[in-house]
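Data first, discussion second: the structure below is written as structure tokens.
The values are calculated or read from the model by the stated rules, or taken from the named source; none is laboratory data. In this text the structure is predicted, and so the values were computed from the model without any measurement. FYI the Cβ positions are ideal-geometry reconstructions off the backbone, even for glycines, and counts take in every protein chain you see.
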Amino acid sequence: MKTGCRIEEMQFTTTSRLEPAIALLSAVAVTLLDLRDASRRENAKTRLASSLLAPEYIEVLSVWR
């Protein structure tokens, strides 16, 4: 969360603003860790993205790339 999501750079001043951001970024961080670990497996080059991610993620990332 510190490196991938830059959680230390947030400048919220109240916990009511910070807590939802941390919750969202926690989900993002878990996904990033899962992807990093998947990229290190032997079958990384042949494994389909759909076996790791929800279709919505794939659609968003396909449009972005």
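For the stretch 43-56, the criterion of being at pLDDT 90 or above, surrounded by 10 or more Cβ atoms within 10 Å (Cβ to Cβ) and charged (D, E, K, R) is satisfied by at least one residue.
If you filter the stretch 1-42 down to residues that are surrounded by 11 or more Cβ atoms within 10 Å (Cβ to Cβ) and of a type in the set (S, T, N, Q), you find that the one that is modelled with the highest pLDDT is Ser39.
Restricting the search to the stretch 34-48, which residues are without any contact (Cβ under 8 Å) to a residue 12 or more places away in the chain and either part of a helix (DSSP H, G or I) or of a type in the set (D, E, K, R) (or both)? Within the stretch 34-48, Arg36, Asp37, Ser39, Arg40, Arg41, Glu42, Lys45, Arg47 meet the criteria.
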